[in-house]
Amino acid sequence: MKITQVDAIPFAIPYRKPLRFASGEVHAAEHVLVRVHTDDGVVGVAEAPPRPFTYGETQAGIVAVIESVFAPQVTGLSLLEREVAHARMARTVGNPTAKSAVDMAMWDALGRSLDVSVTELLGGYTDRMRVSHMLGFDEPAAMVAEAEKMRDTCGITTFKVKVGRRPVSLDTAVVRALREGLGDAVELYVDGNRGWTAAESARAMKEMADLDLLFAEELCPADDVLGRRWLVQQLDVPFIADESAVTPADVTREILGGSATAVSIKTARTGFTRSQRTHHLAEGLGLEVVMGNQIDGQIGTLGTVAFGAAHALTSHRAGELSNFLDMSDDLLTEPLTISDGELAVRPGAGLGAEIDPDKLRHYRQDR
């Protein structure tokens with residue numbers, strides 16, 4: 001089970017429509033397929049979705065750092081030496097998504113080698129998760145129509161609403177329209193992607209106080225330290241730290257500093273090894289946890305549901321597992337299906353991600 005080679009293959013798949021939110025917009029999934037090969041002939045896979053406006057990584061940068069830095073560091077290691085791989089990659093500053101993809105591909109290869117699923121390796125709590133669907137910026141009627149479609153076709157009843165526009169009434173009107181259009185049977189929460197000031201966030205939350213929101217996430221910048229603490233003290237719903245809390249140390253700082261009361265775990269940026277650290281920390285602190293989405297494709301979504309289903313805490317809430325529906329295609333031989341509002345862990349060894357060679361050949365950008 002020794003690693004012999006690590007590949008980083010850039011690919012691009014268009015979205016059916018641009019995804020818009022406060023920190024940027026995305027027109028195509030310009031991601032990286034990471035493959036870890038072993039001396040037993042096993043190949044583990046993972047997906048790295050760069051988000052330059054959040055983490056500073058680009059597709060070209062992920063390919064370069066994996067090929068020139070991380071691949072040489074992990075080649076020759078056993079798949080069981082994940083802590084060694086983690087420590088070696090940690091010597092390089094930043095690059096969270098590149099590191100995470102290497103880590104997850106190692107876990108996938110380990111599961112394939114042992115003929116067990118990654119979910120079982122991580123804890124095996126359940127085999128599925130409820131799904132939360134993200135609604136990006138649009139007119140109220142269009143966002144209500146999208147939510148109704150997701151409810152009626154996929155059974156989804158939890159929605160994460162992107163906010164952060166100015167004036168704040170643009171977004172509070174959308175959330176109100178969603179509550180009025182969908183009724184009390186659905187769960188709604190808001191994510192500002194740091195788009196508002198603390199004062200704007202407080203005003204918006206007061207305007208939505210009667211809408212029974214589940215959470216508020218990253219409404220204002222984390223570097224507004226006093227403003228954010230002031231805001232969180234006023235809220236009567238958990239405030240989720242997401243892009244402000246990438247590492248366990250970040251989580252500790254945000255929670256103990258009074259800047260957040262819940263946390264989002266995204267395997268795309270913390271892999272499985274560091275996500276377990278964050279999970280255990282959140283469990284010890286008694287925090288609410290949601291499984292977030294870095295606009296992952298289907299391979300990345302398999303990683304999210306594999307981790308989320310493995311633990312009681314992360315499977316308690318609906319996970320953000322449906323963004324792949326916005327992509328015009330994907331690389332898997334068998335597409336994922338959301339049914340009755342749930343996404344099941346794919347049966348079989350590892351993550352259960354089988355890559356279609358024809359699709360990879362069509363969408364890859366290095367040939």
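The values are calculated or read from the model by the stated rules, or taken from the named source; none is laboratory data. Everything quoted here is computed from the prediction, not taken from an experiment. Cβ placement follows ideal geometry from the backbone for every residue including glycine, while neighbour counts extend to all protein chains displayed. In case anyone asks, the SASA skips ligands and DNA or RNA and just uses the protein heavy atoms, side chains included. Shrake-Rupley method; radii C 1.70, N 1.55, O 1.52, S 1.80 Å.
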Going by the alpha-carbon gyration tensor, a ≥ b ≥ c the square roots of its eigenvalues, is region 71-179 rounded (a/c under 1.5) or, if a/c is not under 1.5, prolate (a/b greater than b/c) versus oblate? oblate
Local charge sum around G227 (other residues, Cβ-Cβ under 15 Å, Lys/Arg +1, Asp/Glu -1)? -1
Among K162, K99, K17, which one moves the most in a GNM of the chain with springs linking Cα atoms closer than 10 Å? K17
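Among DSSP beta bridges whose residues both lie in region 193-347, state the antiparallel percentage, nearest 5.
Details: 1 of 9 bridges.
Antiparallel bridges: around 10 percent, rounded to the nearest 5.
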per DSSP, antiparallel bridges as share of beta bridges in the chain, % nearest 5, sits at 55 percent
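How much accessible area per residue does the chain have, in Å², with a 1.4 Å probe?
On the way: 13830 Å² over 367 residues.
Dividing the accessible area of the chain by its residue count gives 38 Å².
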Under a 10 Å cutoff between Cα atoms, tell me which one of G94, G308, G350 has the largest fluctuation in the Gaussian network model of the chain. G94
What percent do you get for the relative contact order of the chain when only Cα pairs under 8 Å and 6+ apart count? 22 percent
Heads up, region 231-274 by the C-alpha gyration tensor (a ≥ b ≥ c square roots of eigenvalues; a/c under 1.5 rounded, else a/b over b/c prolate, else oblate) looks prolate
Signed unit charges on C-beta, dipole axis of the chain, positive-most listed residue L188, A173, A8: A8
Net charge (Lys, Arg +1; Asp, Glu -1) of residues whose beta-carbon lies under 13 Å from that of K359, K359 excluded, is -4
Among S328, S264, S275, residue whose mean-square fluctuation peaks in a GNM of the chain (springs only between Cα atoms under 10 Å): S328
If you take every residue apart from A141 with its C-beta less than 15 Å away from the C-beta of A141, what net charge results, scoring Lys and Arg +1 and Asp and Glu -1? -3
If packing is taken as the average count of other Cβ atoms within 10 Å, what order do 222-234, 355-367, 102-114, 185-197 fall into, highest mean first? 102-114, 185-197, 222-234, 355-367
Using a cut-off of 20 Å between alpha-carbon atoms, which lysines can reach K160, once sequence neighbours fewer than 8 places away in the same chain are excluded? K17, K149, K206, K266
For region 1-101, what % of the accessible area comes from carbon and sulfur atoms, probe 1.4 Å? 53 percent
Give me the distance between the Cα centres of region 42-63 and region 281-345, rounded to whole Å. 18 Å
